[in-house]
Amino acid sequence: YRLLLENAEQLVLVCGRRELYLRRDGAASLSVLRAASLVVGLDGCIKAVGQADVIRNQFSEATFERIIDCSGKCVLPGLVDAHTHPVWAGDRVHEFAMKLAGASYMEIHQAGGGIHFTVEHTRKATEDELFTAFQHRLERMLRAGSTLVECKSGYGLNLDTELKILRVIERAKKSMDIGISSTYCGAHAVPKGKTAAEATDDIINNHLPKLKELKLNGEIHVDNIDVFCEKGVFDLESTRRILHAGKEMGLQINFHGDELHPMKSAELGAELGARAISHLEEVSDEGIAMMARAKCAAVLLPTTAYMLRLKQPQARKILEEGVIVALGSDFNPNAYCFSMPMVMHLACVNMKMSMNEALAAATINAAYALGKSDTHGSLEVGKQGDLLIINSSRWEHLIYQFGGHEALINYVIVKGKIVYENERCETMNSY
C-alpha cells in the first residue's frame, strides 16, 4: 500500500454514503470519525477508512510506503477550488489603488484596464513564460490545501492566445500533481474592435470547431465552457448561443452569471442543463428556484464582493431554497487569492454560511460543480486519495484561523502521494 494515516484525532469524511453533493440539511451533519485511520493503495485510491484499532488489525500484515502518525491532528479531504483564472501575464496591482479610491469594476474596464490590460500582456507573453507563472500559482494553491482546481482560459480573446492558454493548462495537467478541470472561457470579454455579436460568431464558427479538432487529435482536453453573461459584455441571447454550441460538443456548462446586474442567467443555466453558475450576486428568486430544481450548483465567490465592495451573494437564501452551493477563490488579477481556507472564512463571516456548509462547499459540492464528485471531494473507499493533514485537534481551525494555513497545513496529499510536507508544523505549535 502507498500510505497509512494512523490514529487521527478527527477524520472528516464530509459525507459517507456516496452522496454526489450535500444540500444545506446534509451539510449540517458533517461526518467526522474520531481516533481513526485511513489507507491509500498503490493505485492512489482510498482502500479503507475506520477506527484506528480496526484498521490496525485488518492491515497488520500489510506493508506501506509511508506511515504518518496523525495523533492530535485532523485529516480532511483535499480542498476543491471551483473557479479560477490562473493563466495570465500582467498583474493589476496599480488598479487596486484605483478601486480603493472608489473606481468601479466597469469604470476601470471601460478605461481600457481590467481584463483588457491583462489580455494585452498575455498576448505578448510566450507559452513558457505563462507556464512558469501558472506553475508557481498552482504550487501556492496546493500549499494552501487545494488538490483539485478549475482553471479557465479567457485572457486571450482571440483564437491563437486562447489556444496558447489552453495548451499551458494541458501541460500542467500532464506534469503536475494537482488535479485540474479546464475551462474554455473565450467569451470572457468582447475583444477590442469587435461587437458582442461578432465575437459570438467568431467563437461559434472558429474557436469551438478548432477546440473540437484538437480534442479529437488528443492535443487539448477541455472540460467546461464559460461565458461572462453581463450587461455590456455578452447578453442573454449571445450567451445562450455560445453555451449551446459548447454543450453540443460535449462540454459541461459552467458560466459567470448575474454578477453586476440581474440578467436572468440562472434561469438560462437551469434551462440549458448547466452544471454550475458562478457569482450570482444579483440572482432572481425565480432563478434560485430553477437552479434548485435543476441541481445546478451555485459557485459563490466571496473574494469578489469583498475586493470590489459589492453586495455579497445571498448565500443563506440560496442554501435555504435547496441549491447545491460550492465555493471558489476566483483567483485572477482582480481578486488575488490562492487560499480556499481564507475563502471559507470569508464565506462564513460575510455570507453567513456555517463552517460545515463552507467545508462541504469547498469539497464535495465544488467537486460536483466540476462533474467530479464521484471521485473527489470526500474521504470514502474507492475515491481518489486527495487529503490534508492539519496540525490541530479540531478541523474547524482550518476556517477559524484567517490566513493561518501556512503553519496549520502539515501535509497535502494527492493520490496517496505527499506533494507538500510542511516542516514548520513540527517546530511550531499552530495555536
> Can we say residue 177 is farther than 20 Å from residue 123 by Cα and either within 23 Å of the chain's Cα centre (by Cα) or crowded, with 16+ Cβ neighbours inside 10 Å (or both)?
Replying inline: yes
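Here is a yes/no grid of residues against (1) closer than 21 Å to residue 384 by Cβ; (2) free of Cβ contacts under 8 Å to residues at least 24 places away in the same chain:
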| residue | (1), (2) |
| --- | --- |
| 72 | no, no |
| 82 | yes, no |
| 93 | no, yes |
| 98 | no, yes |
| 114 | no, no |
| 122 | no, no |
| 126 | no, yes |
| 144 | yes, no |
> Which ones in segment 282-300 are open to solvent by less than 50 Å² (accessible area, probe 1.4 Å) and part of a helix (DSSP H, G or I)?
Replying inline: 287, 288, 289, 290, 291, 292, 294
>> Suppose we filter segment 110-129 for residues that are open to solvent by less than 60 Å² (accessible area, probe 1.4 Å) and more than 17 Å from residue 336 (Cβ to Cβ); how many remain?
In response: 5
>> Take the conditions open to solvent by 10 Å² or more (accessible area, probe 1.4 Å), farther than 24 Å from residue 181 by Cβ and out of contact with any Asp or Glu (no Cβ under 6 Å at 6 or more places or on another chain) and apply them to residue 249. Does it pass?
In response: no
> Of these, 358, 315, which one is over 24 Å from residue 183 (Cα atoms) and either touching a strand residue (DSSP E or B) at 6+ places or on another chain (Cβ under 9 Å) or not assigned by the TED database to the domain that holds residue 185 (or both)?
Replying inline: 315
> What are the residues in segment 272-291 that are within 18 Å of residue 369 (Cβ to Cβ) and of a type outside the set (Gly, Ala, Ser), if any?
Replying inline: 272, 275, 277, 279, 280, 281, 283, 288, 290, 291
> How about segment 181-210: which of its residues are part of a helix (DSSP H, G or I) and open to solvent by 10 Å² or more (accessible area, probe 1.4 Å)?
Replying inline: 196, 197, 198, 201, 202, 204, 205, 206, 209, 210
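What is the residue count in segment 61-82 for residues that are open to solvent by 80 Å² or more (accessible area, probe 1.4 Å) and over 8 Å from residue 8 (Cα atoms)? Quick ask: steps written out before the conclusion?
Here is the first cut: in segment 61-82, the ones open to solvent by 80 Å² or more (accessible area, probe 1.4 Å) are 61, 63, 65-67, 69.
With over 8 Å from residue 8 (Cα atoms) added as a condition, the list becomes 61, 63, 65-67.
Number of matching residues: 5.
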> Does segment 40-52 contain at least one residue that is in contact with an Asp or Glu (Cβ under 7 Å, 6 or more places away or on another chain), among the aliphatic types (A, V, I, L, M), exposed (fewer than 15 other Cβ atoms within 10 Å of the Cβ) and assigned to a strand (DSSP E or B)?
Replying inline: no
> Does residue 27 qualify as being of a type outside the set (Lys, Arg), in contact with a Leu (Cβ under 9 Å, 6 or more places away or on another chain) and farther than 19 Å from residue 415 by Cα?
Replying inline: yes
>> With the requirement that a residue be open to solvent by less than 60 Å² (accessible area, probe 1.4 Å) and touching a helix residue (DSSP H, G or I) at 6+ places or on another chain (Cβ under 9 Å), what does segment 8-22 give you?
In response: 8, 12, 14, 15, 19, 21, 22
>> Checking the structure you have, find out if any residue of segment 288-303 is under 24 Å from residue 97 (Cα atoms), over 16 Å from the mean Cα position of the chain (by Cα) and not aromatic (Phe, Trp, Tyr).
In response: no
> Does segment 170-181 include one or more residues that are out of contact with any Ser or Thr (no Cβ under 9 Å at 6 or more places or on another chain), under 30 Å from residue 421 (Cβ atoms) and touching a residue at least 60 places away in the same chain (Cβ under 8 Å)?
Replying inline: yes
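The values are calculated or read from the model by the stated rules, or taken from the named source; none is laboratory data. Treat the numbers as computed from the prediction; the structure is a model and nothing was measured. All Cβ positions, glycine included, derive from the backbone under ideal geometry; neighbour counts span all protein chains shown. Surface areas here come from the heavy atoms of the whole protein model, side chains and all, with no ligands, DNA or RNA. Shrake-Rupley method; radii C 1.70, N 1.55, O 1.52, S 1.80 Å.
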